[in-house]
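Written out below as structure tokens is the structure these notes cover.
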Amino acid sequence: MGDATKRLLQRLIRRTRIQMLKTTLEKWDRLTLAQRQSMVFIQSKSAITEKLLSICEVLMLLVLLWFHCLLDVMDNPNQGMWYAFRLMDPEDDAHSVELMQFKEQFKSLLHELVRHVSVKIKKHADEAIWIRIAWGDGFSQPNHLKPTYVVHYLQTPFVFVTSITSKQKPLLSQALTVSTRHQDLKNANLSGRKLTAIRDLLMQQYPQVFPTNFPGHTAENNQMESNPRRVKEQAGLEADRLRMAHKAFGDGMLPELESAVYELETKFNGHANGTMTDREQPFRCVVKFTSTNLLESLRQCASSGIVSTVTPLFSSIPRSGKNYFVITNKSHGSSSKTSNITEPQILDSKD
Amino acid sequence: MSLLQPFNKLPSLNTANILLVENEEQFQQSLADALVEESSVIVNVRLAKSLPVPTENETSRPRIDLVVFIINLTSELSFESAEASLKYLDCGYFLGKVCFLVTNARSVSVPAERLDAVRKLAALFHCPLLFVEDQTADGVASAAERLLTILKVAAGHVPITTSLYMSILAQCTVPPDIDQPSFD
């Protein structure tokens, strides 16, 4: 046990940056001042490991390092793929779950479900709860090199998870649903690399657009400021396009979503290809849009006239907070035999 | 469907009016700023994405002396939009009051057929074809200077010369072997 933990400690220290090690040791108050000053960080990492081991016990060090991994990820939330989930069907006392109660229940539930598991919970400055879970099974110790991170905002139904396998997901979902007093954990069809972006999109924490009957006069003000000798001929059309883009996406900063995936299961509709159109089965294909800031680029497409209208396919991304859609044909009652064109509709995707 | 007419309004004193038509609406902004700076003549610049121009501006619009189509060679849509807008000009404009401006001709991604197509279009309508560079301030300034030379002739500010005379000298011509494959 001692050797394995020592090796684990060495791997963890090798992975972390020296600056992070320094700051974490400073924040951790188990080392005395003299011990801290005797740590010299210019040496190689194996020398640092030896020095640290000589100062304190291995187990205490491991606790420290897991905690610091959590802090590291909290400070850099934009690595790895994050998946969003939604808690469904709250019970009556779901709104009064508070932090200590949630912590104790979650930890005890997870320890009941999995024999060897290591759970660390920390509350972030902006009311988010960060949970780091290292999974083991009935026979092996928890694997700390592949932990799962979970971010949950208490009293909201939103959960964000990274690095979880399909075997671990039902365990996590059971622990979460019971400790937050909901019935079910459902996939929210939103994923991305930047936690801040998908959190802002799902929880709608960006400047929203509200429908108004009397829109403001911003376009006319801009016209008056510019040179009277250069005049735009089609200023009215341009103002219309800008208004349409703002109606769909709003005025201010948009969350930096990176991709949107549309899975099509609609009938083939092109006019050129006769054999494909005659087939009854839907034509399956997947369309993926990627960009450094997808919503901003869609808004620019609409306002510069590259797209003539903002289709509901695009405007449903900010409206419903998803970026994975399945599109099928809406089936009409009686007229489906005669008409070849049916309207596509957006379904919730499969869980 | 209203055509833009060249001579149905009266000119104003010491003024020249130019209409810049560009599908992307990018280069026309900086070009307009450079054109307005000219001091010897009052230059009024009208900007449009494509023709036809809206009829609401009919009363406030002055007589347009020169119509410039800005084509970005890297985009097929730009060329098609310019070609489609040509229908909305009265034929009086094609006697020297239309000019084609082409940007990004040196770009690697431009297929040779598109440049040939633009040249054929300009030659068909007997219009001058100018190649300009739009990314640097120097390029914009020199493009504005060349346009001003043509604009002054089209507005009648240069004595003894009219735009019809100048179009014979400045029009684009295609070499007879333009349809042969080239060596690069």
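Every read-out reported here was derived from the displayed coordinates using simple, explicitly stated rules and does not represent laboratory data. Computed from a predicted model, the values in this text were never measured in an experiment. Because the Cβ atoms are built from the backbone with ideal geometry, glycine has one as well, and the counts that use them run over all protein chains shown.
Using the structure shown, select from A:Lys186/A:Lys322; A:Lys107/A:Lys167; A:Lys6/A:Lys167; A:Lys288/B:Lys49; A:Lys51/A:Lys103 the pairs with a Cα to Cα distance greater than 23 angstrom. Violating the 23 Å Cα-Cα cut-off are A:Lys6/A:Lys167; A:Lys288/B:Lys49; A:Lys51/A:Lys103.
Full extension of the segment from A:Lys146 to A:Leu113, taken as 0.36 nm per residue of separation minus the current Cα-Cα distance, would add 10.0 nm. Here r is the Cβ-Cβ distance between A:Gln205 and B:Thr173 and R0 is 60 Å; the resulting FRET efficiency, rounded to 0.05, is 0.45.
With the simple spin-label model, which puts each label point 7 Å out from Cα in the Cβ direction, the B:Glu113 to A:Thr156 separation comes to 5.3 nm.
Comparing B:Leu66, B:Leu47, B:Leu129 in a Gaussian network model of chain B, where Cα atoms under 10 Å apart are tied by springs, the biggest mean-square fluctuation is seen for B:Leu47. Reported to the nearest whole Å, the Cα centre-to-centre distance from the stretch A:256-311 to the stretch A:122-139 is 38. Among B:Val108, B:Val41, B:Val68, which one shows the biggest mean-square fluctuation in a GNM of chain B, springs joining Cα atoms closer than 10 Å? Checking each option, the largest mean-square fluctuation is seen for B:Val108.
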